[in-house]
Every structure is written in C-alpha cells, then in structure tokens.
Amino acid sequence: DSDGVNWEALDAVLIDFSKSENLIEDSSAPSTSSSSYHSRLLIRQIRHSLETAAIDAALHLLRLHVSSILSDHKILFRLHKQKFIELLRKGTAEDRDSAIECLRTALAPCALDAYPVLNSSN
C-alpha cells in the first residue's frame, strides 16, 4: 500500500475500542446483529472518508462515535498531517492558505503532543 496506512490495524483499533466501550458486543458474548452492523458501517464510513481525503469528515465521525481514540496524539497527528497534505495537493492559493492555517493551528500543536522531544521548552 503506497499511502502508508495500515487499514487492518486502524480497523482493529476501532473495533477494540468499540468493544471496550460496549459499543459492540464481544464475539464471545451473545450479540445483536444491529450493533455489529452499526460498528462495521461506522468503520466503513471512517475508512471511506480517509480514502477519499475527507479528513474533516473522518475526524467528525471519530469525535462523534469514538472520541477517546483521538486522545492518542500520534493518531491525531497523522490525521492532521494527512489533512495538511490533502490541502496542499489541491494546489489552489486558497487551499495553500488553508494548509498553512492547518499547520499552525492543528498540525504543529499535535506534533508537540505526539512527539514531546520536539518541544524545545523541555
């Protein structure tokens, strides 16, 4: 995979989180097909958003349904980094300005949280 995203690992993290928060039933326990279907649908929506460069939509779904996953600073950093890259890829002056804004307000602070060694004030 040339984009460097390990989709199976991302799916596994989302499923593990969903199970730990009782959003879906563990496979060893009796389950309802609707909760399992809802979780699979949510994972597909998030994955589709990421695959189509709709990073804001993916972030919205994650915040809405599995917000604690975003407490992993490295995951949040990678999402903001992808948003920055996608804005640059669009190539318009407006998108470049948005990319710089993203860099200043989201990506750089996430980098410092994800990689504290980068913080010169430590």
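The values are calculated or read from the model by the stated rules, or taken from the named source; none is laboratory data. These numbers were taken from a predicted model, which means no experiment stands behind them. Every residue, glycine as well, gets a Cβ built from its backbone with ideal geometry; the counts of neighbours run over all protein chains shown. Heavy atoms of the whole protein, side chains included, go into the accessibility calculation; ligands, DNA and RNA do not. Shrake-Rupley method; radii C 1.70, N 1.55, O 1.52, S 1.80 Å.
The residue that is most open to solvent (accessible area, probe 1.4 Å), among those in the range 61-85 that are out of contact with any Asp or Glu (no Cβ under 6 Å at 6 or more places or on another chain) and more than 20 Å from I15 (Cβ to Cβ), is K81.
You will find that of I24, I43, I69, the residue that is among the aliphatic types (A, V, I, L, M), part of a loop (DSSP other than H, G, I, E, B) and at pLDDT below 90 is I24 and no other.
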